[in-house]
Amino acid sequence: MLHGRPLPTVGHLPIPFVMGYDTRPLLTLGEKENFLNLAADNNYYLFLEHDSQHELITVQHTDKGVRLNKVFSCKDIL
């Protein structure tokens, strides 16, 4: 279970990039890695509530970890 919001923007996709106000960043790192792997494995749509350029995304596994795959708007999936 995620205890915070580990993915507010596409810029926060790399595992070490956590929110500055996170009070338990070491816990977030493990949770975030598990969540992003699950999202990539299952092609989840991720809603980025604080990203003005990327409303919805999918992620994929790469040599550098889980990274951006595709970008959508909410209109695209309705």
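Evaluate the distance, in nm, between pseudo-label points positioned 7 Å from the Cα of Asn42 and of Thr62 along their respective Cα→Cβ axes.
2.4
Can you list, largest first and rounded to whole Å, the semi-axes you get for the chain by taking the square root of 5 times each eigenvalue of its Cα gyration tensor?
Ellipsoid semi-axes (Å, largest first): 20, 15, 11.
Counting only protein heavy atoms and a 1.4 Å probe, tell me what percentage of the chain's accessible area is made up of carbon and sulfur.
Roughly 55 percent of what the probe reaches on the chain is carbon or sulfur.
Calculate one ³J(HN,Hα) per residue across segment 14-23 by plugging θ = phi - 60° into the Karplus curve 6.51 cos²θ - 1.76 cosθ + 1.60, and present them in order as whole Hz with x for glycine and proline.
Each residue of segment 14-23 in turn: x, 3, x, 8, 10, 5, x, 9, 5, 8 Hz.
Could you give the nm distance between label points at Tyr21 and Lys70, where each point is 7 Å from its Cα heading toward the beta carbon?
3.4
Mind checking the per residue accessible area of the chain for me, 1.4 Å probe, whole number of Å²?
Ligands and nucleic acids excluded, the result is 69 Å² per residue.
Can you show me the helix-derived [θ] at 222 nm for the chain, built from DSSP H runs with n ≥ 4 at -39,500 (n - 2.57) apiece and divided by the number of residues, rounded to the nearest 500. Please list the in-between numbers first.
On the way: 2 runs with 22 residues, N = 78.
When only DSSP H runs of four or more count, the value is -8500 deg cm²/dmol.
The values are calculated or read from the model by the stated rules, or taken from the named source; none is laboratory data. Here the structure is a predicted model, which is why all the values come from computation and not from measurement. A quick note on method: Cβ atoms are made from the backbone with ideal geometry, for glycine too, and the neighbour counts reach across all protein chains shown. For accessibility, only protein heavy atoms count, side chains too; no ligands or nucleic acids. Shrake-Rupley method; radii C 1.70, N 1.55, O 1.52, S 1.80 Å.
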